[in-house]
Structures are given as C-alpha cells and as structure tokens.
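The values are calculated or read from the model by the stated rules, or taken from the named source; none is laboratory data. None of the values given here were measured: they were computed from a predicted structure. Note that each Cβ is placed from the backbone with ideal geometry, even for glycine, and that neighbours are counted across all protein chains shown.
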Amino acid sequence: MKLIPLGKLDEGKFVEYSGDFLFDTIESVIVFRKENSGSSLVMDNEGVGYLMLINEGLLKDFTNIVVNPSRNYESVLEANSLKQALSLCPKDKDVYVLGGEKLFGDALDYNIGIRR
C-alpha cells in the first residue's frame, strides 16, 4: 500500500499540492478514475466538499472513506482517524488522500522523506 497525498484544501481550494494531478475538471477526475480504479480515496469533510463542487461526486470503483464525517454519505465507509481509514483500504492498492490541513498533515507523516 502506498499513501499518496493529493493536496491540502482550504475552503475548497488547493493551498498545497503534492503531485502532478489536480481535480480541476470533470475530465481530469474521469482520467484519474480510469488510471487508478480499485484504489482508495480517503477524505475529510473538506475533501468530500471539493468533489461535490465539481458535480462528480464520490469516485466510483474506489474504496471511498470519510474521516470524521459531519454527515452521512451513501456508499462511503466512515473512520475516526487516518489510521482507522487505512485499515479499511485494500492492502495491494494505492491510497489517495484529499483533505484539509489535519488529514493532509497526517498523510504526510506516513511518508518518510516528505516534509511538511
């Protein structure tokens, strides 16, 4: 399992980005979905909000997990922490993290050599 932070969000906008992929259009989400089908997406409420803003909703064919959700989402697993969320993810697939400062920071702490 490889943990890949997609980005840190602040009020639905990226303030820090860790890679070469950005959910900036529906087309980019579709490409991401095709290339990473079967992986997991761990989000907090801010991450979920960003996906909803672009009218794509939660990614299909992913294990979607929301950490500390503020409401119930259909077809989504819930966790109280990143550690618990990771225990729900398939061990042979990558895990992508999209969220606010706390979740993004927790994800970076799992990756040795990546600095905050």
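Tabulated data
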item: Sole exception among (1) loosely packed, with under 12 Cβ neighbours inside 10 Å; (2) among the polar types (S, T, N, Q); (3) at pLDDT 80 or above for Asn45, by number; result: (1)
item: Any hit, region 107-115, residues being under 19 Å from Lys2 (Cβ atoms), at pLDDT below 85 and of a type in the set (Lys, Arg); result: yes
item: Flag if Lys2 is modelled with pLDDT of 75 or more, of a type in the set (Lys, Arg) and surrounded by fewer than 14 Cβ atoms within 10 Å (Cβ to Cβ); result: yes
item: Some residue of region 24-38 being within 19 Å of Phe104 (Cα to Cα), at pLDDT below 90, surrounded by fewer than 16 Cβ atoms within 10 Å (Cβ to Cβ) and out of contact with any Phe, Trp or Tyr (no Cβ under 8 Å at 6 or more places or on another chain); result: yes
item: Subset of region 72-108 (residues that are part of a helix (DSSP H, G or I) and surrounded by 12 or more Cβ atoms within 10 Å (Cβ to Cβ)); result: Leu82, Gln84, Ala85, Leu86, Glu101, Lys102, Leu103, Phe104, Gly105, Asp106, Ala107, Leu108
item: For Gly19: the one exception among (1) at pLDDT 80 or above; (2) out of contact with any Asp or Glu (no Cβ under 9 Å at 6 or more places or on another chain); (3) not hydroxyl-bearing (Ser, Thr, Tyr); result: (1)
item: Within region 48-67, considering residues that are exposed (fewer than 14 other Cβ atoms within 10 Å of the Cβ) and of a type outside the set (A, V, I, L, M, F, W, C), the one modelled with the lowest pLDDT; result: Asn55
